[in-house]
Each structure stands twice: as C-alpha cells, then as structure tokens.
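Student: Attaching a single structure in structure tokens format; questions to follow.
The values are calculated or read from the model by the stated rules, or taken from the named source; none is laboratory data. Being a predicted model, the structure only gives us computed values, none of them experimental. Neighbour counts run over all protein chains shown; Cβ positions are idealised from the backbone, glycine included.
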Amino acid sequence: MQATELHEIATTLREARVNRTPVTAPTKTWQGLDPDSAFEVQRLNVETALADGDRVVGYKLGNIAKAMQAAFGLDQPDYGYLLATMFAYEGTTIDREQFIEPFVELEPAFILKRHLRGPNITVADVINAVEYAVPALEIIDSRVQNWAIEHADTLSDNGSTGAVVFGGTPRHVTELTLSDTRGTIRFNGRHMMEGNTKNILGNPFAATAWLCNRLAAYGAEFEPGQVILPGSCLEAVPMNASGHWSGTFTGWGTVEFEVSGA
C-alpha cells in the first residue's frame, strides 16, 4: 500500500478512538490492506502516541483461544502494542463512556527480566525470561463498527486494545501451573464466563514464544521490565452495564475493577 493510504487508515482509527465513534472496517475502504500493512498502521499510531508523551510498555496477543476466534469470526491471533496510558489501577472506577463496544477478558500477564528477540524463541526461553506473572483483566474495544472485523482490521486497530488492570498477587511461574489453571469472570458477583489457561495455545508460555517470533518479522523485541499479555483464557464478556467486575484464577488470585457511566 502507499504511505498516504497507511496514514489515512491510521488517522481514521485514531480519530475513532478519540471521538469514541466507530468506523467502517478499513478492509472495506482500503481493499489492499493486509496484515503487514496493518502492522505499519499500528506503528504510525504508536509513533503519534509517543510524540504525545506516551510510552511502549509491552505487547499483547489476542484471539488465541478458539472460543475468542469463534466469537469474533477470526481464524488466527492478533497482536498489538501496550502503551502506559492503557493501564488502570485495580479497585478504581473505569468510565464505560471512554470505550465504544468493550468486552472483558481474563489472562495472565508476564513481566520480563530478560530480552526476548525472535525468530526461534522457544518455550524454555520464555520461562527463563519471565520475572513473575500477575492476574490481569483486559478490556478490549474495537474502533470498527459492530466488531465487523477481518484479521487486518483488528491488526490495524492495534489488536483491539482498550485498557488493562493488574491484580496484586504476583507469582513466580514455578509457583503456578499455567498449563491447567481455571479462570472465572464475575460481574456483580454473578458468574459470567470461565476458561482455562490451557486454552492459550496449550499454555501462555507457548503463546508468548509465538508472539515474539511473529513480531521478529517487524524488528520488534521484548525488553526487560516489559509486560506481555499472552491472550485470554476464556471468551470475552460484553461490558455493557455499571457495576463490579472480577476475574479469578483458582489457587492464584483475583483482580477487580468498577465500571460507571453505562
């Protein structure tokens, strides 16, 4: 695609995010948009965010679980940058009005102590690079109207990022069984969805290795101190009402936040 087209797509999605007004899927308007071009759109909007004072703090993988792919009509994962302004504090109130059509996911989050740069990163490399893990709730959101997305659409929209909330129970990965840990989301105490970390490509270490190797094609690498979100262990739940959200990993911990304005 031409550079002018990439900038047009980036501007369209950036304005949709700021104005909280969804747009037609970019692949419908710019039919030459493919995954590689979509990642360049990501980069353009990240560069704009950095120029405005934000910073890159990690990367995310999405739509890795089959339940997520089925829910959003995709057959492969997406990925994107994590920026510092996306993170909210546990126990605080998040305004529903800052999103367009949000959903809530539960996943482990990894904080790194070593560099990881693909290609050819293995699961062992990932395990050795992780300092600790914490439970996390991710709010995903799409700037595309009605989530009518193809793979290149969500990639150009930075993997449909919204917000991230960390819990306060960090654990070394040797204390966890991330190939088989049950996760549950509740809203106002009511059971909404459950899953298992084995849904994250068998285990989230494998998902992280996949992400690192995929992003190597774009010259990206994971740095010490960065956050990696390897994907949700369950199908995302619509965030349509005000109230209390919580996500719990059995035997590990809970992460919570409030929603207002819905």
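Student: Collect the residues in the range 18-38 that are within 22 Å of PHE99 (Cα to Cα), of a type outside the set (Val, Ile, Thr), surrounded by fewer than 21 Cβ atoms within 10 Å (Cβ to Cβ) and touching a helix residue (DSSP H, G or I) at 6+ places or on another chain (Cβ under 9 Å), keeping them in residue-number order.
Tutor: Correct list: ARG20, PRO22.
Student: Also, I was wondering about something else. Among the listed residues GLU175, GLU223, identify the single one that is without any contact (Cβ under 8 Å) to a residue 60 or more places away in the chain, out of contact with any helix residue (DSSP H, G or I) (no Cβ under 8 Å at 6 or more places or on another chain) and acidic (Asp, Glu). First the steps, then the outcome.
Tutor: Details: GLU223 fails: without any contact (Cβ under 8 Å) to a residue 60 or more places away in the chain.
Sole residue among the options that is without any contact (Cβ under 8 Å) to a residue 60 or more places away in the chain, out of contact with any helix residue (DSSP H, G or I) (no Cβ under 8 Å at 6 or more places or on another chain) and acidic (Asp, Glu): GLU175.
Student: Next up: Output the number of residues of the range 214-262 satisfying the condition of being under 24 Å from ASN146 (Cβ atoms) and under 18 Å from the mean Cα position of the chain (by Cα).
Tutor: So the answer is 9.
Student: Of the conditions (1) at pLDDT below 95; (2) buried (at least 24 other Cβ atoms within 10 Å of the Cβ), ALA262 satisfies every one except a single condition; which number is it?
Tutor: (2)
Student: Which ones in the range 10-40 are part of a loop (DSSP other than H, G, I, E, B) and among the polar types (S, T, N, Q)?
Tutor: Taking the range 10-40 as the starting set, the residues that turn out to be part of a loop (DSSP other than H, G, I, E, B) are 20-22, 24-25, 30-34.
Selection gives THR21, THR24, GLN31.
Student: Of all residues in the range 13-32, count the ones that are in contact (Cβ under 8 Å) with a residue 60 or more places away in the chain and closer than 22 Å to LEU83 by Cβ.
Tutor: Here the count works out to 8.
Student: How many residues does the range 72-87 hold that are assigned to a strand (DSSP E or B) and either surrounded by fewer than 19 Cβ atoms within 10 Å (Cβ to Cβ) or over 17 Å from the mean Cα position of the chain (by Cα) (or both)?
Tutor: The initial filter retains those residues of the range 72-87 that are assigned to a strand (DSSP E or B), namely 78-83, 87.
Among the residues that remain, those that are also either surrounded by fewer than 19 Cβ atoms within 10 Å (Cβ to Cβ) or over 17 Å from the mean Cα position of the chain (by Cα) (or both) are: 87.
Here the count works out to 1.
Student: Another question, if that's okay. Determine which member of the set ASN203, ASN196 is touching a Leu at 6+ places or on another chain (Cβ under 6 Å), under 21 Å from PHE110 (Cβ atoms) and not acidic (Asp, Glu). Spell out the reasoning first.
Tutor: Values: ASN196 fails: touching a Leu at 6+ places or on another chain (Cβ under 6 Å).
Sole residue among the options that is touching a Leu at 6+ places or on another chain (Cβ under 6 Å), under 21 Å from PHE110 (Cβ atoms) and not acidic (Asp, Glu): ASN203.
Student: Additional query: Keeping to the range 83-110, report how many residues are among the aliphatic types (A, V, I, L, M) and closer than 12 Å to THR208 by Cβ.
Tutor: 1
Student: Out of the residues in the range 194-214 meeting the condition of being of a type outside the set (S, T, N, Q) and touching a Lys or Arg at 6+ places or on another chain (Cβ under 9 Å), tell me which one is surrounded by the most Cβ atoms within 10 Å (Cβ to Cβ). Spell out the reasoning first.
Tutor: Initial filter on the range 194-214 (of a type outside the set (S, T, N, Q)): 194-195, 198, 200-202, 204-207, 209-212, 214.
Next, only the ones that are touching a Lys or Arg at 6+ places or on another chain (Cβ under 9 Å) stay: 194-195, 211-212.
On the way: GLU194: 16, GLY195: 22, LEU211: 28, CYS212: 25.
That would be LEU211.
Student: Among the listed residues ALA109, ALA84, which satisfies the condition of being free of Cβ contacts under 8 Å to residues at least 40 places away in the same chain, out of contact with any helix residue (DSSP H, G or I) (no Cβ under 6 Å at 6 or more places or on another chain) and under 17 Å from VAL165 (Cα atoms)? Can you show your working first?
Tutor: Values: ALA109 fails: free of Cβ contacts under 8 Å to residues at least 40 places away in the same chain.
After applying the criteria, what remains is ALA84.
Student: Among (1) modelled with pLDDT under 95; (2) more than 26 Å from TYR218 (Cβ to Cβ), where does GLY73 come up short?
Tutor: So the condition that GLY73 fails would be (2).
Student: Continuing with the same structure: For PHE99, indicate whether it is in contact with a Gly (Cβ under 7 Å, 6 or more places away or on another chain), of a type in the set (Phe, Trp, Tyr), under 21 Å from ASN240 (Cα atoms) and crowded, with 19+ Cβ neighbours inside 10 Å.
Tutor: On the way: in contact with a Gly (Cβ under 7 Å, 6 or more places away or on another chain): yes; of a type in the set (Phe, Trp, Tyr): yes; under 21 Å from ASN240 (Cα atoms): yes; crowded, with 19+ Cβ neighbours inside 10 Å: yes.
In short, yes.
Student: Output the number of residues of the range 150-191 satisfying the condition of being surrounded by fewer than 17 Cβ atoms within 10 Å (Cβ to Cβ) and either in contact with a Lys or Arg (Cβ under 7 Å, 6 or more places away or on another chain) or hydroxyl-bearing (Ser, Thr, Tyr) (or both). Before you say what the answer is, go through the steps one by one.
Tutor: Keep residues of the range 150-191 that are surrounded by fewer than 17 Cβ atoms within 10 Å (Cβ to Cβ), which gives 168-170, 172, 174-175, 177, 179-180, 182, 188-191.
If we keep only those that are either in contact with a Lys or Arg (Cβ under 7 Å, 6 or more places away or on another chain) or hydroxyl-bearing (Ser, Thr, Tyr) (or both) too, we end up with 169, 174, 177, 179-180.
Of the residues in the range 150-191, 5 are surrounded by fewer than 17 Cβ atoms within 10 Å (Cβ to Cβ) and either in contact with a Lys or Arg (Cβ under 7 Å, 6 or more places away or on another chain) or hydroxyl-bearing (Ser, Thr, Tyr) (or both).
Student: Within the range 117-138, can one find any residue that is of a type in the set (Ser, Thr, Tyr), at pLDDT 95 or above and assigned to a helix (DSSP H, G or I)? Steps first, please.
Tutor: In the first step, residues of the range 117-138 are kept if they are of a type in the set (Ser, Thr, Tyr); the result is 122, 132.
Those left that are additionally at pLDDT 95 or above: 122, 132.
Then keep just the ones that are assigned to a helix (DSSP H, G or I); that gives none.
No, the range 117-138 has no match at all.
Student: Please name all residue pairs, on different chains or six or more residues apart, with Cβ atoms under 6 Å, provided the first residue is in the range 119-135 and is under 20 Å from TYR218 (Cα atoms) and the second residue is of a type in the set (Val, Ile, Thr) and surrounded by 14 or more Cβ atoms within 10 Å (Cβ to Cβ).
Tutor: Pairs found: VAL126/THR208.
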